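Only one structure is covered here, and it is reproduced in the block below.
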Amino acid sequence: RRRRRRRRQRAGASAMEQPGPLEESARQPQIEIMELKDDFIKFVLSDTDTSVANALRRIMIGETPTMAIDLVEMEENTTVLHDEFLAHRLGMIPIRVNLSTGVDAFQYKQDCFCESHCPNCSVEFTLDVTHDGPEPVRIVASSDLKTQNESVEAVQYSSQE
């Protein structure tokens, strides 16, 4: 056992002393910007390893300002689905903000001086759907969410597009 441990330590020490070609290229990544717009960038990242690419991806995701539904008040729910389940599903709907207004026009709730909610820190959506038709099921989509704020809308997906 002692001989095996010593061999492993020696092998590790010699590998640490001489950086391989992968470690050297990871220190000098190359970025070529293919397309750049106000809300979009397309680039090629080369001469690096996946850990640098993943770190860059995580930074971009973390620094991108986003909005989401986080407070849901139910007045009446006659569906078979629980309120918490519906609130969770509503929170996953992407919200699009007009580029001219931008997310920066809104304040974080903790930075706003209002008591509850105001147009500076929140957007109110309403969902008022009933099922009176002959169909057995009424599909509720993000297009059924309505708001008075013209610069914000719920993203609408369609399987027909």
Open item on the list: Against the definition (open to solvent by 50 Å² or more (accessible area, probe 1.4 Å) and either touching a residue at least 60 places away in the same chain (Cβ under 8 Å) or closer than 30 Å to I31 by Cα (or both)), how does S51 come out, yes or no?
Closed with: yes
Open item on the list: Quick test for you: out of R8, R57, pick the one residue that is in a helix (DSSP H, G or I) and at pLDDT below 85.
Closed with: R8
Open item on the list: Condition first: open to solvent by 100 Å² or more (accessible area, probe 1.4 Å) and either farther than 21 Å from D128 by Cβ or touching a helix residue (DSSP H, G or I) at 6+ places or on another chain (Cβ under 7 Å) (or both). Now tell me which residues in region 70-95 satisfy that.
Closed with: D70
Open item on the list: With the requirement that a residue be within 15 Å of V152 (Cα to Cα) and assigned to a loop (DSSP other than H, G, I, E, B), what does region 60-95 give you?
Closed with: P65, T66, M67, A68, I69, I93, P94
Open item on the list: If a residue must be part of a loop (DSSP other than H, G, I, E, B) and either surrounded by 11 or more Cβ atoms within 10 Å (Cβ to Cβ) or touching a residue at least 12 places away in the same chain (Cβ under 8 Å) (or both), how many such residues does region 96-127 contain?
Closed with: 19
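The values are calculated or read from the model by the stated rules, or taken from the named source; none is laboratory data. Since we're looking at a predicted model, the values are computed, not measured. Because the Cβ atoms are built from the backbone with ideal geometry, glycine has one as well, and the counts that use them run over all protein chains shown. Heavy atoms of the whole protein, side chains included, go into the accessibility calculation; ligands, DNA and RNA do not. Shrake-Rupley method; radii C 1.70, N 1.55, O 1.52, S 1.80 Å.
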